[in-house]
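Visitor: Submitted below is the structure of interest, expressed as structure tokens.
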Amino acid sequence: QKEVEQNSGPLSVPEGAIASLNCTYSDRGSQSFFWYRQYSGKSPELIMFIYSNGDKEDGRFTAQLNKASQYVSLLIRDSQPSDSATYLCAVNTPYSGAGSYQLTFGKGTKLSVIP
Amino acid sequence: NAGVTQTPKFRILKIGQSMTLQCAQDMNHNYMYWYRQDPGMGLKLIYYSVGAGITDKGEVPNGYNVSRSTTEDFPLRLELAAPSQTSVYFCASTPTRGPNTGELFFGEGSRLTVL
């Protein structure tokens with residue numbers, strides 16, 4: 001059973017602070033890692049992806065990957081109230097079916113940024 | 001661009017009724033997916049398709065059926081609805097799948113309640 005684990009939260013941070021979201025995964029064959037943001041009542045949207053160990057920065061967002069520890073994280077700097085959402089970690093893993101690779105999603109971490 | 005269009009957005013079913021959730025995409029994507037999302041949970045894969053005429057089961061296929069007669073359309077059929085099928089259903093598509101691809105384009109979701 002391929003598993004992706006996230007703290008469900010809620011994680012509350014004050015406006016302007018750094019929000020740190022964490023994710024662990026069980027399948028060492030996983031190749032790539034994605035963070036989706038989902039506002040309440042809306043569909044998920046991709047905000048970051050990372051393939052290699054280390055950090056990847058995009059604006060206020062930084063994704064971090066440590067394959068040896070099977071750990072992915074997302075840092076949001078200068079958090080804004082508009083960042084309040086649920087953040088889903090998704091892991092691309094080999095799959096036995098015709099699709100070859102499938103995304104396995106974590107349950108998501110709910111982030112609240114307090115003005 | 002319409003992207004991925006799901007209908008209906010909301011539906012209430014009685015136990016034992018059947019219905020079809022419609023999904024259409026206009027991006028010429030080969031890969032299409034149906035997920036369900038229960039409150040506080042991540043996305044669970046129901047069925048997927050890698051192209052017209054090819055479908056396969058995901059993690060939670062029981063109680064559902066799909067077909068893919070065209071590249072554009074991927075309807076999800078619920079037979080003999082049960083309260084356990086109360087959920088939000090998301091259709092998604094992507095042009096390619098591989099070890100380093102994982103951007104899914106989601107529809108707005110269909111909220112189904114079975115009473």
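Visitor: Out of the residues in region A:4-38 meeting the condition of being over 14 Å from the mean Cα position of the chain (by Cα) and within 12 Å of chain B (Cβ to nearest Cβ), tell me which one is farthest from residue A:70 (Cα to Cα).
Guide: A:10
Visitor: Still on this model: When only residues in region B:72-82 that are open to solvent by 10 Å² or more (accessible area, probe 1.4 Å) and either modelled with pLDDT of 95 or more or of a type in the set (Asp, Glu) (or both) count, which is farthest from residue B:47 (Cα to Cα)?
Guide: So, considering only residues that are open to solvent by 10 Å² or more (accessible area, probe 1.4 Å) and either modelled with pLDDT of 95 or more or of a type in the set (Asp, Glu) (or both), the one farthest from residue B:47 (Cα to Cα) is B:82.
Visitor: Another question, if that's okay. If we keep just the residues of region A:42-65 that are open to solvent by 60 Å² or more (accessible area, probe 1.4 Å) and in a loop (DSSP other than H, G, I, E, B), which is farthest from the other protein chains (Cβ to nearest Cβ)?
Guide: A:60
Visitor: Ok, one more. Hey, can you tell me all the residues within region A:1-29 that are among the hydroxyl-bearing types (Ser, Thr, Tyr) and either modelled with pLDDT of 95 or more or more than 30 Å from residue B:5 (Cα to Cα) (or both)?
Guide: Correct list: A:12, A:20, A:24, A:25, A:26.
Visitor: In this structure, does residue B:100 turn out to be outside any strand (DSSP E or B) and either in contact with a helix residue (DSSP H, G or I) (Cβ under 7 Å, 6 or more places away or on another chain) or not aliphatic (A, V, I, L, M) (or both)?
Guide: Yes, satisfied.
Visitor: Suppose the filter is in a loop (DSSP other than H, G, I, E, B) and free of Cβ contacts under 8 Å to residues at least 24 places away in the same chain; does residue B:16 pass it?
Guide: No, not satisfied.
Visitor: Which of the residues belonging to region A:17-41 are under 21 Å from residue B:90 (Cα atoms) and in a strand (DSSP E or B)?
Guide: A:33, A:34, A:35, A:36, A:37, A:38
The values are calculated or read from the model by the stated rules, or taken from the named source; none is laboratory data. All of these numbers come straight from a predicted model, not from anything done at the bench. Every residue, glycine among them, receives a Cβ derived from its backbone with ideal geometry; neighbour counts consider all protein chains shown. Surface accessibility is based on the protein's heavy atoms, side chains included, excluding ligands, DNA and RNA. Shrake-Rupley method; radii C 1.70, N 1.55, O 1.52, S 1.80 Å.
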